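The structure appears right after this line, and notes come after that.
Values in this text are rule-based calculations from the coordinates and carry no lab data. Bear in mind the structure is a predicted one, so any value in this text is a computation, not a measurement. Here the Cβ positions follow ideal geometry from the backbone for every residue, glycine too, while neighbour counts run over all protein chains shown.
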Amino acid sequence: MEITGDIATIGYGLATIGPGIGLGLLVAKTQEATARQPEVAGPLRVNMFIGAALVEALGLIGFAAGFVF
């Protein structure tokens, strides 16, 4: 049995696990904090979006690295 393909495909699949877990934890903890203290929902939402953008950047870098190498 011969396996054909590119190892970058497997690498990108593995690279998406980290950001996926990170986004899940980020949103879960933000919802938990909002439920505990509803008066700080606005600042928490802003911080969550900034954090989500940074986590998504990691996934996109992994995606781009799969094409570059």
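Some points to look at:
- Pairs are defined by a Cβ separation below 7 Å, a sequence spacing of at least 6 or placement on different chains, a first member in the stretch 47-60 that is free of Cβ contacts under 8 Å to residues at least 24 places away in the same chain, and a second member that is polar (S, T, N, Q); the pairs so defined are 48/30.
- Residue match in the stretch 10-22 (condition: of a type in the set (S, T, N, Q) and farther than 20 Å from residue 64 by Cα): no
- Residue that is surrounded by the fewest Cβ atoms within 10 Å (Cβ to Cβ), among those in the stretch 58-69 that are closer than 16 Å to residue 19 by Cα and not aliphatic (A, V, I, L, M): 63
- Residues of the stretch 21-57 satisfying the condition of being closer than 27 Å to residue 6 by Cα and surrounded by 15 or more Cβ atoms within 10 Å (Cβ to Cβ): 22, 55
- Within the stretch 11-20, considering residues that are among the hydrophobic types (A, V, I, L, M, F, W, C) and touching a Gly at 6+ places or on another chain (Cβ under 9 Å), the one surrounded by the fewest Cβ atoms within 10 Å (Cβ to Cβ): 14
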